[in-house]
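What follows is a single structure, written as structure tokens, with notes after it.
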Amino acid sequence: MPVETLNAVTSKPPIERVLAAARRTIEEVPFFWVVTPGVEAGAHARIVQAQPSSDGEDFWVRWFLTPPNGRKAAEIRHYRRLTLAYQHASGEAFVALSGPAELIDDRDAVNRRFRGSSHDDAKGLVAAGLIAVRVIADHLELHIRGVTEEPWGRGRTSLDRDPNGRWHLNPRALRRADRPIGRFA
């Protein structure tokens, strides 16, 4: 991923520029983390393969596939919300996308997205045992070098999406670069 460089990064980057950088990161990452709250406590994270959206579908609707009877599906059923975490291979771009999640038990939804698996066989048994998961992003947190606030790693850029689909910078999440990092900062 070519990293954008600027002469000066402002503390409030233009939203469209941030969203474009987040889109590029997500598009270039073939596998991402799915993080769900644990039913009993803690959080559970696992790697899944990114699946394509339908033509004309909102970019911020993301998909992956899962077995219907596993822990991941049970946690999605219970909480109906999760986080997807993307890390670009360059080590220069990180995006966490959160939103409501829905299990879609529809063969057509799975078949449109399934890209094959090294564990599949000629009979397609792997695809037959999967359901689709649709996540509609309503919150983003990101670090993208050259786009989000510097110095690198000192806080985060956070955006929230309103019910009309417009993104807004979350001012509570912006940390001032001149504040020390620490528990009591």
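So here's what we get for this one:
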| read-out | value |
| --- | --- |
| Enumeration of residues in the range 127-150 that are touching an Asp or Glu at 6+ places or on another chain (Cβ under 6 Å) and surrounded by fewer than 19 Cβ atoms within 10 Å (Cβ to Cβ) | I131, R134, H139, G146 |
| Residue among A96, A137, A127, A122 that alone is at pLDDT 85 or above and out of contact with any Gly (no Cβ under 7 Å at 6 or more places or on another chain) | A96 |
| Of residues in the range 49-61 being exposed (fewer than 15 other Cβ atoms within 10 Å of the Cβ) and without any contact (Cβ under 8 Å) to a residue 40 or more places away in the chain, the one nearest to L19 (Cα to Cα) | F59 |
| Selection count, the range 1-48, where residues are of a type outside the set (A, V, I, L, M, F, W, C), at pLDDT 90 or above, loosely packed, with under 14 Cβ neighbours inside 10 Å and touching a strand residue (DSSP E or B) at 6+ places or on another chain (Cβ under 8 Å) | 2 |
| Selected residue (criterion: surrounded by the fewest Cβ atoms within 10 Å (Cβ to Cβ)) from residues of the range 62-118 that are of a type in the set (V, I, T) and farther than 20 Å from R23 by Cβ | I104 |
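The values are calculated or read from the model by the stated rules, or taken from the named source; none is laboratory data. As the structure is a computational prediction, the values presented were derived from the model and not from experiment. Because the Cβ atoms are built from the backbone with ideal geometry, glycine has one as well, and the counts that use them run over all protein chains shown.
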